[in-house]
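Below: one structure, written as structure tokens.
The values are calculated or read from the model by the stated rules, or taken from the named source; none is laboratory data. Note that the structure is predicted; figures quoted are calculated from it, not measured. So basically every Cβ, Gly included, is an ideal-geometry build from the backbone, and we count neighbours across all protein chains shown.
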Amino acid sequence: MKLVTYLHNDHKDAHTDHNHDMRKGGLGFVHEAAIYPISTLSPDLPKTMLALLEGGEKAMDAVRTFYAHWKESQEGFPSRPLVDPVLLAPIPDPVSCRDAYAFRQHVETSRRNRGLGMIPEFDEFPVFYFTNHRAIYGPGDVACMPGHFDRLDFELEIAIVLNRGGRNIPASEADQYIGGYMIMNDLSARALQMEEMKLNLGPAKGKDFATVLGPWLVTPDELAPYLVQPQPGHIGNAYQLEMRCQVNGTEVSRGMFSDMHWTFAEIIERASYGVDLYPGDVIGSGTVGTGCFLELNGTGRLENPAQFKEQWLQPGDLIEMEITGLGTLSNRVILADN
């Protein structure tokens, strides 16, 4: 299933884009070019994405059963055109949001571009940081402060959300805790990030203003045709999904989800060591190789120092991320008015 959180009305103004009242959208599934509100299928089904995730496999199975019944009959359930309602992030109110550092190509290239060798600890354990789980955006405009536009960057990623809680979860079982997959754009204010990380802490202010998720949450069963083996020596599901990003209609990034060095199962194992994880926790993959201007600019300077010109996001730029099976996530970065 492709599950969405959508506004009940058709209007959202610029001042509510990231406020808490935006977290009250309805839960629906997408079929072709329409949204089917799940509350119309049965009053007993969850009405929000977080309620669905907290209900675990029992709630997901109930929704899946009604969805299968609908696909067979396609009768009696009202729908709304996909272009009509405004989509929020699939889970606009995650319990927490971690972001990992799991693609070797991105890490190795970024370090090479700074004149550094590959850090050996990368192969010892998956690392992640916590970002602001109350600064979540879905498709549409993302308002950024003037300081954010000092080397504003996108990051092309995939994220998961958990629909089971647990502690000390072994990687061999961890895929069972994943409720779904979605595209993630980890917007990054590089000038702020680089300054604060000189103090060996962070990232914080360089990352805490906006994380974009969407356009919908795709349940694992939909991705089964893309299953492949993980990288040698690793445990967990891997998927042959192409990842692409365009800025203002020009492709700037292309990679593969299957190139992820550490699997989400292994990241869950690491994250849950001595700590409870909860339904509604979001975990990002980290940036795919070529998946941000920081990496691309560094490579360009190294390969063509005389003629290369850096590129960063500017007010009004349109970012379109497309991942096989997960849809297209479109955002325009705009200058905040306060």
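Criterion applied to Pro220, Pro230 was being surrounded by fewer than 23 Cβ atoms within 10 Å (Cβ to Cβ) and touching an Asp or Glu at 6+ places or on another chain (Cβ under 8 Å), and the one residue passing it is Pro220. Filtering region 47-89 to residues that are assigned to a helix (DSSP H, G or I), surrounded by 13 or more Cβ atoms within 10 Å (Cβ to Cβ) and polar (S, T, N, Q) leaves only Thr65. Residue-level analysis places Arg254 outside the set of residues that are basic (Lys, Arg), part of a helix (DSSP H, G or I), touching a residue at least 12 places away in the same chain (Cβ under 8 Å) and not assigned by TED's automatic domain parsing to the domain that holds Val30.
The set of residues in region 205-252 being under 26 Å from Glu320 (Cα atoms), in contact with a helix residue (DSSP H, G or I) (Cβ under 6 Å, 6 or more places away or on another chain) and among the small types (Gly, Ala, Ser) consists of Gly206, Ala238.
Condition check: in a strand (DSSP E or B) and buried (at least 18 other Cβ atoms within 10 Å of the Cβ). Does Leu294 satisfy that? It is false that Leu294 is in a strand (DSSP E or B) and buried (at least 18 other Cβ atoms within 10 Å of the Cβ). When region 203-216 is filtered for residues that are in contact (Cβ under 8 Å) with a residue 40 or more places away in the chain and either in a loop (DSSP other than H, G, I, E, B) or over 21 Å from Asp141 (Cβ atoms) (or both), the ones remaining, listed by number, are Pro203, Lys207, Asp208, Phe209, Ala210. For region 129-179, the set of residues classified as of a type in the set (Phe, Trp, Tyr) and exposed (fewer than 15 other Cβ atoms within 10 Å of the Cβ) consists of Phe130 only.
The strands (runs of 3 or more DSSP E) located wholly in region 108-174 include none with 2 or more residues which are touching a residue at least 12 places away in the same chain (Cβ under 8 Å), hydroxyl-bearing (Ser, Thr, Tyr) and more than 29 Å from Thr324 (Cα to Cα).
Scanning region 33-87 for residues that are over 22 Å from the mean Cα position of the chain (by Cα) and on the phi > 0 side of the Ramachandran plot turns up Gln74, Gly76. Per the conditions (1) outside the structural domain of Leu217 (by TED's automatic domain parsing); (2) assigned to a loop (DSSP other than H, G, I, E, B); (3) within 30 Å of Arg254 (Cβ to Cβ), the sole criterion not satisfied by Ala102 is (1). When Glu310, Glu222 are checked against the criterion of being within 26 Å of Gly140 (Cα to Cα), in the same structural domain as Gly140 (by TED's automatic domain parsing) and in a helix (DSSP H, G or I), a single residue qualifies: Glu222.
Filtered by the rule that a residue be among the aliphatic types (A, V, I, L, M) and either modelled with pLDDT under 85 or part of a loop (DSSP other than H, G, I, E, B) (or both), region 18-41 gives Met22, Ala33, Leu41.
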